[in-house]
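Taking it in order: structure first as structure tokens, then the write-up.
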Amino acid sequence: MNYKVSILVPVYNVEKYIDRCLQSLIGQTYRNIEIILVDDGSTDHSGDICDRYARKDSRLKVIHKENGGVVSARKTGAEYVTGDYVCSVDSDDWIEANRILNFVEQGAYTKADMIYLEGYYKDYDNRSVLIETSISEGLYLGKQVIEQVFPMIIDTKICFQRMIRAMTCCWGIKKELFQKIWKKIDDRISMGDDYAHILCCLLEAQSVFLMRERGYHYVERMNSISHSLNENALHGVRVWTQMVRDQMRLSGCDGQLYLHMVFLELWYIMNCDYSLLLKKQRKYLYPYPIVRKGSKIAVYGGGTLGTQIVNALDYTEDYQVVIWVDKYSTYQPLPGHKVEDISKLADALFDFVVIAVLDIKIVEEIEQSLLKNGIPEYKIAKMDANVIGDEDFWEDFEM
């Protein structure tokens, strides 16, 4: 089967990374590909670099446009794809040489509307971490897509377990479905456009194949869009979650998937503005039920959520942050706070260690390390899915 695969790459001010990305794409062992590069008004040399590669390889097509954001760039690129399937790569990331070959040989032969590629690497400055779950390969047809695949996006029994991820880079999608859904995505979405697209595709797909393929490298950099949440982010969450809910109603599955959407909305609220979760009068730190008001807290986690929690607690008298720690980070992301090494916990006086991490596997690793370092189990606070229930966060919080 000689499927043509389109690779869509939005490009904006990534001159330090785009060479490595493009080298990885043109170096694919599977040759029947087209590479659609959408230069979204870059102000550095990113667009020029794309043009230089396109002059050397006819499989590359460069579209230059005024800056309109990542949604605008993806929508523009979607109009130009001509492959049987569309895969997505971010311009600061890169893929291993056999990724598209594996996609075609293991996934495309099923002719599924959507193909999920499980497993990818997070590349940091000094380490690379494999992110994967224990899903088995399999083809899901008809009602199985809604009943079995969609719930894998986020569990409602464990905070916040995701067996599969709604990241565009993890999916290959048939061109017609890919284009149809991108036309519906609102340009105002600044965070969550990938979830909006993938979830709406799932609601219309008649077949999904899950396969294992670790060949994607997601490059973590502090100045990327995922680390620079702006005041429009929450509004974007409102727009895309409402879009997905509307699509659910049209598909007749809004009732059975309601709680999954609550968890997804909460996940995004926690990444955008944790202070919203403090506006309700609760006797505990939501969703950490063992952390009662008046507690002295050690926060474990130097990422987005940890920063959100510490920042929010600065403006409340209900809880006191006495120390902020992380295994890998010792820096100062907020005025008046420094992320310390975890060894400093031994000398700190606190009632609870709040694990401010959303990846359940990492949460479990942190818990074990805390226990090994002498922290009593009753002082370790993890999120509890049992306290996330009937409340509709969308209606309860003013965005």
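Give the residue, chosen from Val325, Val339, that is open to solvent by less than 30 Å² (accessible area, probe 1.4 Å) and in contact with a helix residue (DSSP H, G or I) (Cβ under 6 Å, 6 or more places away or on another chain).
Numbers: Val339 fails: in contact with a helix residue (DSSP H, G or I) (Cβ under 6 Å, 6 or more places away or on another chain).
That would be Val325, the only listed residue that is open to solvent by less than 30 Å² (accessible area, probe 1.4 Å) and in contact with a helix residue (DSSP H, G or I) (Cβ under 6 Å, 6 or more places away or on another chain).
Just one of the numbered conditions (1) within 21 Å of Ala233 (Cβ to Cβ); (2) open to solvent by less than 40 Å² (accessible area, probe 1.4 Å); (3) in contact with a Phe, Trp or Tyr (Cβ under 8 Å, 6 or more places away or on another chain) is not true of Leu334; which one?
For Leu334, the failing item is (3).
Out of the residues in the stretch 143-182 meeting the condition of being over 15 Å from Leu8 (Cα atoms) and charged (D, E, K, R), tell me which one is least open to solvent (accessible area, probe 1.4 Å).
Arg165
Using beta carbons and a limit of 7 Å, which pairs, at least six apart or on different chains, have the first residue in the stretch 14-25 and farther than 10 Å from Asp93 by Cα and the second one modelled with pLDDT under 95 and surrounded by fewer than 23 Cβ atoms within 10 Å (Cβ to Cβ)?
The qualifying pairs do not exist here.
Search the stretch 33-57 for residues being among the charged types (D, E, K, R) and within 28 Å of Tyr109 (Cβ to Cβ), and hand back the single one that is surrounded by the fewest Cβ atoms within 10 Å (Cβ to Cβ). Quick ask: steps written out before the conclusion?
So the first thing to find is which residues in the stretch 33-57 are among the charged types (D, E, K, R), and the list is 34, 39-40, 44, 48, 51-52, 55-57.
Adding the requirement that they be within 28 Å of Tyr109 (Cβ to Cβ) leaves 34, 57.
Numbers: Glu34: 18, Asp57: 11.
Applying the filter and picking the extreme gives Asp57.
Go through the stretch 104-135 and count every residue that is closer than 19 Å to Ile7 by Cα and free of Cβ contacts under 8 Å to residues at least 40 places away in the same chain.
So the answer is 1.
Matching residues to (1) free of Cβ contacts under 8 Å to residues at least 60 places away in the same chain; (2) part of a loop (DSSP other than H, G, I, E, B); (3) under 22 Å from Tyr216 (Cβ atoms); (4) touching a strand residue (DSSP E or B) at 6+ places or on another chain (Cβ under 6 Å):
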residue: Asp44; (1), (2), (3), (4): yes, yes, no, no
residue: Ala78; (1), (2), (3), (4): no, no, yes, no
residue: Asn102; (1), (2), (3), (4): no, no, yes, no
residue: Leu139; (1), (2), (3), (4): no, no, yes, yes
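Is at least one residue of the stretch 58-65 under 24 Å from the mean Cα position of the chain (by Cα) and surrounded by fewer than 16 Cβ atoms within 10 Å (Cβ to Cβ)?
Restricting attention to the stretch 58-65, the residues satisfying the condition of being under 24 Å from the mean Cα position of the chain (by Cα) are none.
So far as the stretch 58-65 goes, no, none of its residues is under 24 Å from the mean Cα position of the chain (by Cα) and surrounded by fewer than 16 Cβ atoms within 10 Å (Cβ to Cβ).
Could you check how many residues of the stretch 320-361 are free of Cβ contacts under 8 Å to residues at least 40 places away in the same chain and small (Gly, Ala, Ser)?
The number of residues fulfilling the criteria is 4.
Would you check which residues across the stretch 272-321 are crowded, with 16+ Cβ neighbours inside 10 Å and of a type in the set (S, T, N, Q) and list them?
Once the filter is applied, which keeps residues that are crowded, with 16+ Cβ neighbours inside 10 Å and of a type in the set (S, T, N, Q), the stretch 272-321 yields Ser275, Ser295, Thr304, Thr307, Gln308, Asn311.
In the stretch 6-16, what residues are open to solvent by 10 Å² or more (accessible area, probe 1.4 Å) and more than 11 Å from His45 (Cα to Cα)?
Looking only at the stretch 6-16, we keep the residues that are open to solvent by 10 Å² or more (accessible area, probe 1.4 Å), and these are 10, 12-13, 15-16.
Scanning the stretch 6-16 gives a single hit, Pro10.
So for the stretch 192-199 (the condition being crowded, with 16+ Cβ neighbours inside 10 Å, free of Cβ contacts under 8 Å to residues at least 24 places away in the same chain, under 13 Å from the mean Cα position of the chain (by Cα) and under 26 Å from Ile362 (Cβ atoms)), does at least one residue qualify? Break it down stepwise before answering.
Residues of the stretch 192-199 crowded, with 16+ Cβ neighbours inside 10 Å: 192-199.
Restricting the remaining residues to those that are free of Cβ contacts under 8 Å to residues at least 24 places away in the same chain gives none.
No; the residues of the stretch 192-199 include none that is crowded, with 16+ Cβ neighbours inside 10 Å, free of Cβ contacts under 8 Å to residues at least 24 places away in the same chain, under 13 Å from the mean Cα position of the chain (by Cα) and under 26 Å from Ile362 (Cβ atoms).
For the stretch 372-388, which residues satisfy the criterion of being hydrophobic (A, V, I, L, M, F, W, C) and not in a loop (DSSP other than H, G, I, E, B)? Full working, then the answer.
Restricting attention to the stretch 372-388, the residues satisfying the condition of being hydrophobic (A, V, I, L, M, F, W, C) are 375, 380-381, 383, 385, 387-388.
Answer for the stretch 372-388, where residues must be hydrophobic (A, V, I, L, M, F, W, C) and not in a loop (DSSP other than H, G, I, E, B): Ile380, Ala381, Ala385, Val387.
Specify the residue that is surrounded by the most Cβ atoms within 10 Å (Cβ to Cβ); the eligible residues are those in the stretch 113-142 that are over 20 Å from the mean Cα position of the chain (by Cα) and not charged (D, E, K, R).
So in the stretch 113-142, the residues over 20 Å from the mean Cα position of the chain (by Cα) come out as 113, 126, 136-142.
Applying the additional criterion that residues be not charged (D, E, K, R) yields 126, 136, 138-142.
Working: Asn126: 6, Ser136: 8, Gly138: 13, Leu139: 15, Tyr140: 23, Leu141: 13, Gly142: 10.
The selected residue is Tyr140.
For the structure I just gave you, tell me whether Asp359 is under 23 Å from the mean Cα position of the chain (by Cα) and either open to solvent by 30 Å² or more (accessible area, probe 1.4 Å) or within 10 Å of Ala298 (Cα to Cα) (or both). Please lay out each step first, then the result.
Values: under 23 Å from the mean Cα position of the chain (by Cα): yes; either open to solvent by 30 Å² or more (accessible area, probe 1.4 Å) or within 10 Å of Ala298 (Cα to Cα) (or both): yes.
It is true that Asp359 is under 23 Å from the mean Cα position of the chain (by Cα) and either open to solvent by 30 Å² or more (accessible area, probe 1.4 Å) or within 10 Å of Ala298 (Cα to Cα) (or both).
Could you please let me know if Tyr109 is of a type in the set (Ser, Thr, Tyr) and either open to solvent by less than 60 Å² (accessible area, probe 1.4 Å) or part of a strand (DSSP E or B) (or both)? Talk me through it step by step, then tell me what you get.
Numbers: of a type in the set (Ser, Thr, Tyr): yes; either open to solvent by less than 60 Å² (accessible area, probe 1.4 Å) or part of a strand (DSSP E or B) (or both): no.
Considered against the rule, which asks whether it is of a type in the set (Ser, Thr, Tyr) and either open to solvent by less than 60 Å² (accessible area, probe 1.4 Å) or part of a strand (DSSP E or B) (or both), Tyr109 comes out as no.
The values are calculated or read from the model by the stated rules, or taken from the named source; none is laboratory data. As the structure is a prediction and not an experimental result, all values here were calculated from the model. Please note: Cβ atoms are built from the backbone with ideal geometry, for glycine as well, and neighbour counts cover all protein chains shown. All accessible areas refer to the heavy atoms of the entire protein, side chains included, with ligands and DNA or RNA removed. Shrake-Rupley method; radii C 1.70, N 1.55, O 1.52, S 1.80 Å.
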